[in-house]
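The values are calculated or read from the model by the stated rules, or taken from the named source; none is laboratory data. Quantities reported herein were computed from a predicted structural model and do not represent experimental measurements. Counting neighbours? That spans all protein chains shown, and the Cβs are built from the backbone with ideal geometry, glycine included. The accessibility values were calculated without ligands, DNA or RNA, using every heavy atom of the protein model including side chains. Shrake-Rupley method; radii C 1.70, N 1.55, O 1.52, S 1.80 Å.
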Amino acid sequence: MDYKIRIWPDKILKQKTKEVDFFDDRLKEFIDVMFQRMYEEEGVGLAANQIGIPYQILVLDTNVKKYEAQENEEEGIKMALVNPRIVEKEGEVESTEGCLSFPGVQITIPRAERVRVVAKNEEGEDIEIDTDGFLAIVLQHEIDHLNGIPFIAHLPPVKRRMVLEKYMKSLRQTVKAK
Ligand SMILES: [Zn+2]
């Protein structure tokens with residue numbers, strides 16, 4: 001596997017990923033390569049299917065980008081989550097997001113303000129995260145990926161069509177230029 005970033009409309013981005021039942025060296029290798037690719041692309045988070053791994057794994061490191069929302073936090077958070085699920089959502093915020101799988105696209109969509117996520121760590125131990133702010137947004141974006149849901153799915157249909165048409169056009173131009 002080349003672990004290249006998969007770009008929409010790659011079908012792996014539309015499929016729900018499989019639950020991980022192997023907490024071994026193979027999982028650690030996946031997590032290592034995911035962090036590596038995420039840092040190379042200067043992403044804040046990465047879902048496994050974004051580099052062709054069809055399993056429920058996400059990595060994130062909020063140190064990658066310093067956002068205003070983070071100003072008061074001394075240090076960002078770095079973590080890898082296996083089989084993550086959102087079990088509680090609260091409130092709503094507007095979130096402006098980009099995505100490594102949609103180069104050049106930046107959109108503002110509604111997200112929950114606070115989420116509670118249950119997951120396993122790479123050792124297979126249960127973990128729980130209750131958070132708001134930037135971390136809550138990153139978690140929602142990446143968990144959506146693992147369920148085959150792209151961030152544009154949160155746009156109203158007419159807006160979504162417009163964004164997609166523009167994106168597909170720029171994609172064709174990029175391909176032609178190569
Ligand atoms: Zn994304």
- Query: Exactly one of (1) open to solvent by 20 Å² or more (accessible area, probe 1.4 Å); (2) under 19 Å from residue 47 (Cα atoms) is unmet by residue 102. Its number?
  - Reply: (1)
- Quick one: what pairs do we get from segment 114-126, first residue part of a strand (DSSP E or B), second open to solvent by 30 Å² or more (accessible area, probe 1.4 Å) and aromatic (Phe, Trp, Tyr), C-beta under 9 Å, 6+ apart or different chains? 120/23
- For segment 145-178, how many residues are open to solvent by 70 Å² or more (accessible area, probe 1.4 Å) and either in contact with a helix residue (DSSP H, G or I) (Cβ under 6 Å, 6 or more places away or on another chain) or closer than 20 Å to residue 63 by Cβ (or both)? 1
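Could you list, in sequence order, all residues of segment 84-105 that are of a type in the set (Gly, Ala, Ser), within 11 Å of the ligand (Cβ to nearest atom) and assigned to a loop (DSSP other than H, G, I, E, B)? Even if it seems obvious, please write down each step before you answer.
The initial filter retains those residues of segment 84-105 that are of a type in the set (Gly, Ala, Ser), namely 91, 95, 98, 101, 104.
Checking which are within 11 Å of the ligand (Cβ to nearest atom) leaves us with 98, 101.
Of everything in segment 84-105, just one residue is of a type in the set (Gly, Ala, Ser), within 11 Å of the ligand (Cβ to nearest atom) and assigned to a loop (DSSP other than H, G, I, E, B), namely 101.
Only one of 142, 88, 97 is open to solvent by 30 Å² or more (accessible area, probe 1.4 Å) and not small (Gly, Ala, Ser). Can you tell me which? Quick ask: steps written out before the conclusion?
Working: 142 fails: open to solvent by 30 Å² or more (accessible area, probe 1.4 Å); 97 fails: open to solvent by 30 Å² or more (accessible area, probe 1.4 Å).
Answer to the check: 88.
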- Message: Here are the criteria: (1) touching a residue at least 60 places away in the same chain (Cβ under 8 Å); (2) open to solvent by less than 20 Å² (accessible area, probe 1.4 Å). Tell me which single one residue 34 does not satisfy.
- Response: (1)
- Message: Which pairs turn up if I take residues in segment 164-178 that are aromatic (Phe, Trp, Tyr) and look for partners that are assigned to a helix (DSSP H, G or I) and open to solvent by 100 Å² or more (accessible area, probe 1.4 Å) with beta carbon separation below 8 Å, at least 6 apart in sequence or on another chain?
- Response: none
- Query: Could you count how many residues in segment 11-40 are touching a helix residue (DSSP H, G or I) at 6+ places or on another chain (Cβ under 9 Å) and part of a loop (DSSP other than H, G, I, E, B)?
  - Reply: 4
